[in-house]
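The values are calculated or read from the model by the stated rules, or taken from the named source; none is laboratory data. Note that the coordinates shown come from a computational prediction; the quantities given were computed from them, not determined experimentally. Please note: Cβ atoms are built from the backbone with ideal geometry, for glycine as well, and neighbour counts cover all protein chains shown.
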Amino acid sequence: MQINHSLLWRSFIDGNRQALEAIYNLYYEMLYEYGFRRSASDDWTRDCIQEIFVRLWIGRSGINPNANVRFYLLKALKNQLLDHRQAQNKHVSIAIQNDQNFTMQFSVEEDPLRKAQLTHQSSQLLQALNQLSDRQKEVIYLKYFAELDNAEIAELLDINVRAVYKLTARALEALRAILHLSKEDLLLLLLSLSLAPHN
């Protein structure tokens with residue numbers, strides 16, 4: 001059965017706690033992956049995710065019922081991570097700047113033949129991605145793995161849409177040069193791999 005995320009979102013805004021719990025369960029892994037990539041701290045990421053859901057529940061009456069749920073949650077987590085960093089900055093130095101320490105890792109499927117092929121491909125792609133700037137890696141992640149559009153990426157990263165286009169184009173061009181692939185083959189490779197959770 002396919003879940004209608006928009007209806008679930010509206011139900012949560014109307015005060016349905018079960019809808020909030022369902023949203024939490026549906027989006028937790030994606031939020032964790034993004035938060036961990038930005039913060040490199042397991043506990044910190046989990047705390048921030050918990051906090052955004054508490055804030056969502058408390059402030060639900062002011063939330064746009066027509067919002068893109070995935071984008072709204074990613075934006076809320078990014079802001080929470082930044083707020084948490086500012087609060088902790090006096091006591092502990094944790095790197096989470098807008099364009100620093102964005103890490104990537106890939107999972108592979110269970111089928112042994114497919115696993116071997118994807119392991120080799122993901123290894124090559126991961127090596128190539130690690131040669132990009134952290135900002136370029138983040139744009140690739142948000143576009144191809146979190147499936148945000150350019151306007152949402154621009155808002156999330158506090159840059160304009162044109163900058164997103166440029167970052168994406170430069171990242172793809174760099175990956176093509178490193179991997180010696182056509183643009184079509186690179187896009188197929190990006191779309192065929194899923195990002196691994198850090199659990």
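Looking at Glu51, Glu21, Glu33, which is the one that is under 28 Å from Leu126 (Cα atoms) and either of a type in the set (Asp, Glu) or in the same structural domain as Val139 (by TED's automatic domain parsing) (or both)? Write out each step before concluding.
Working: Glu51 fails: under 28 Å from Leu126 (Cα atoms); Glu21 fails: under 28 Å from Leu126 (Cα atoms).
Checking each option against the conditions leaves just Glu33.
Residues Asn25, Asn68, Asn4: which one is surrounded by fewer than 18 Cβ atoms within 10 Å (Cβ to Cβ), of a type outside the set (Phe, Trp, Tyr) and in contact (Cβ under 8 Å) with a residue 24 or more places away in the chain?
Going through Asn25, Asn68, Asn4 in turn, the sole match is Asn68.
Sort out for me the helices (runs of 4 or more DSSP H) sitting completely within region 1-62 that have 2 or more residues that are within 20 Å of Leu82 (Cα to Cα). Steps first, please.
On the way: elements: 5-13, 17-39, 42-58.
Filter on region 1-62 gives 17-39, 42-58.
Say whether the condition of being farther than 20 Å from Glu138 by Cα, basic (Lys, Arg), modelled with pLDDT of 65 or more and part of a helix (DSSP H, G or I) is met by at least one residue in region 72-83. Steps first, answer last, please.
Kept after step one, since they are farther than 20 Å from Glu138 by Cα, are these residues of region 72-83: none.
The answer is no, given that none of the residues of region 72-83 is farther than 20 Å from Glu138 by Cα, basic (Lys, Arg), modelled with pLDDT of 65 or more and part of a helix (DSSP H, G or I).
Looking for something modelled with pLDDT under 85 and touching an Asp or Glu at 6+ places or on another chain (Cβ under 7 Å) - is there at least one such residue anywhere in region 136-152? Step through it out loud before you land on a result.
Here is the first cut: in region 136-152, the residues modelled with pLDDT under 85 are 144-147.
Applying the additional criterion that residues be touching an Asp or Glu at 6+ places or on another chain (Cβ under 7 Å) yields none.
The answer is no, given that none of the residues of region 136-152 is modelled with pLDDT under 85 and touching an Asp or Glu at 6+ places or on another chain (Cβ under 7 Å).
Consider region 161-174. How many of its residues are surrounded by 18 or more Cβ atoms within 10 Å (Cβ to Cβ) and either polar (S, T, N, Q) or over 20 Å from Asp149 (Cβ atoms) (or both)? Walk me through how you get there before you give the answer.
Narrowing region 161-174 to residues surrounded by 18 or more Cβ atoms within 10 Å (Cβ to Cβ): 164, 167-168, 171-172.
Next, from what is left, pick out any that are either polar (S, T, N, Q) or over 20 Å from Asp149 (Cβ atoms) (or both): 168.
Matching residues across region 161-174 total 1.
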